[in-house]
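The values are calculated or read from the model by the stated rules, or taken from the named source; none is laboratory data. Everything numeric in this text was worked out from a predicted model, so none of it was measured. Backbone-built Cβ (ideal geometry, glycine too); neighbour counts: all protein chains shown.
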Amino acid sequence: MGDREIDQALVDRAQRGDKQAFDLLVSKYQRKLARLLSRFIRDPAEIEDVTQEAFIKAYRALPSFRGDSAFYTWLYRIGINTAKNYLVSLGRRAPTSTEFNSEEAETFEDAEHLRDVNTPENELMSRQIAQTVNDTLGSLPEELRSAITLREIEGLSYEDIASIMNCPIGTVRSRIFRAREAIAERLRPLLGTSKDKRW
Amino acid sequence: MTVEISELMDGELDAAAAETLVARISRDPIPREDWALYHLIGDTLRGAAYYSPALAPEVSSRIAREPAVLAPRRGPRVSKAARWGLSAAASLAAVAVVAWMGLRGPLEPGPAQMATLAPAGTPVPQPAPAMTSAVNDYLVAHQEYSPRFAMQGLAPAVQTVAFPAEGAAR
């Protein structure tokens, strides 16, 4: 089941009244949507507010989502419209449709531009997270580092990674999981979600 | 379960396993936390240096106050090819029914109907007249008291007229 189908499964559940399913979509897309909106809105606190508003609008509009497009394409359209309306309400210039379209949104990667997207109080934590992830990645055995890099950054399938690394698909699955867990173990204390503290 | 969440995120679980896992994740806060953490790791590796601990909980809290959305369930998606196939099958079925009816010839009465047919020449009893002429006269005389004329304002505008049947005795 691909990414689009997973999103659709979550949307289906949310459309049947499962609000937690929508929470999973929020935790998945919150950073991408906030980064997208930061192209129009400079103030980090405003970015956070508009991102929240876009998610709420998306939730309310869920009954009209029929799956003709991918969920994130639909969400990004709502996000852009929410940002436009917000800017218009403040008397600022809203982006035109030629400045941004949903196709661009799908491939949008612009980390350099987004250095000041975090609020001052979140900036330090954001840097610590990035530092922890990078440090842990650097300390991983080569085969784990390669596997998660090929998957998360290059976006390759397990089959392609298995072919590149010359190993069975089951090994790729295990390496990617072990790499994720190694990084997660270092992040949990930082985020206050240590497995020891779980209920 | 974390191995399965990792696989799910990578789109490597089959549909049935993915559906089951999605249901479990949405019900259970612990795998939800892992789901969120793994996505944070992925986004950070891709350079999305954005962290807002309040955003997702705030959205979740606002959604909790919203009425649950209940969209009508969509039927299974039918591809264009399948849709064309179904239309063709329906057309063929219609043609087959028409052709079959044409080849069968005109419809004949079945055995049950034939058993009830009277032999030729047998006099067929006719139903007795429902009303005699005396009853007719009575009804004509009292027609204006009939309940169907009880509507206010209608009775004065209606005049009852009776015609004797042609050839009837006066």
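Looking only at region A:63-72, count every residue that is part of a helix (DSSP H, G or I), surrounded by fewer than 17 Cβ atoms within 10 Å (Cβ to Cβ) and either in contact with a helix residue (DSSP H, G or I) (Cβ under 9 Å, 6 or more places away or on another chain) or at pLDDT below 90 (or both) and tell me the total.
So the count comes out to 1.
Out of region A:150-168, which residues are facing chain B (nearest Cβ under 10 Å) and surrounded by 15 or more Cβ atoms within 10 Å (Cβ to Cβ)?
Once the filter is applied, which keeps residues that are facing chain B (nearest Cβ under 10 Å) and surrounded by 15 or more Cβ atoms within 10 Å (Cβ to Cβ), region A:150-168 yields A:R151, A:E152, A:L156, A:S157, A:Y158, A:I161.
From A:I56, A:I6, grab the single residue that is at the interface with chain B (Cβ under 9 Å from one of its Cβ atoms), surrounded by fewer than 21 Cβ atoms within 10 Å (Cβ to Cβ) and not acidic (D, E).
None of the other options fit; the residue is A:I56.
Just need a number here: residues in region B:1-22 that are more than 7 Å from chain A (Cβ to nearest Cβ) and either farther than 19 Å from A:R180 by Cα or in contact with a Phe, Trp or Tyr (Cβ under 7 Å, 6 or more places away or on another chain) (or both).
Of the residues in that region, 5 qualify.
Being among the hydroxyl-bearing types (S, T, Y) and assigned to a loop (DSSP other than H, G, I, E, B) is the filter here; which residues of region A:17-55 pass it?
Passing the criteria: only A:S38.
Using beta carbons and a limit of 6 Å, which pairs, at least six apart or on different chains, have the first residue in region A:18-36 and more than 7 Å from chain B (Cβ to nearest Cβ) and the second one of a type in the set (S, T, N, Q)?
From region A:18-36, the pairs are A:L33/A:T51.
Confirm whether A:T119 is in contact with an Asp or Glu (Cβ under 9 Å, 6 or more places away or on another chain) and within 8 Å of chain B (Cβ to nearest Cβ).
So A:T119 fits the description; yes.
Please tell me if A:L187 is buried (at least 18 other Cβ atoms within 10 Å of the Cβ), modelled with pLDDT of 85 or more and within 30 Å of A:D43 (Cα to Cα).
For A:L187, the condition - buried (at least 18 other Cβ atoms within 10 Å of the Cβ), modelled with pLDDT of 85 or more and within 30 Å of A:D43 (Cα to Cα) - is met.
What do you reckon, is A:T171 more than 7 Å from chain B (Cβ to nearest Cβ) and under 20 Å from B:E33 (Cα atoms)?
Considered against the rule, which asks whether it is more than 7 Å from chain B (Cβ to nearest Cβ) and under 20 Å from B:E33 (Cα atoms), A:T171 comes out as no.
What residue, among those in region A:120-129 that are crowded, with 18+ Cβ neighbours inside 10 Å and out of contact with any Leu (no Cβ under 8 Å at 6 or more places or on another chain), is modelled with the highest pLDDT?
Ranking the qualifying residues of region A:120-129, first place goes to A:S126.
Look through region B:44-94, keep the residues that are farther than 24 Å from A:K57 by Cα and within 9 Å of chain A (Cβ to nearest Cβ), and return whichever of them is modelled with the lowest pLDDT.
B:R77
What are the residues in region B:9-59 that are of a type in the set (S, T, N, Q), surrounded by fewer than 17 Cβ atoms within 10 Å (Cβ to Cβ) and more than 25 Å from A:G2 (Cα to Cα), if any?
Correct list: empty.
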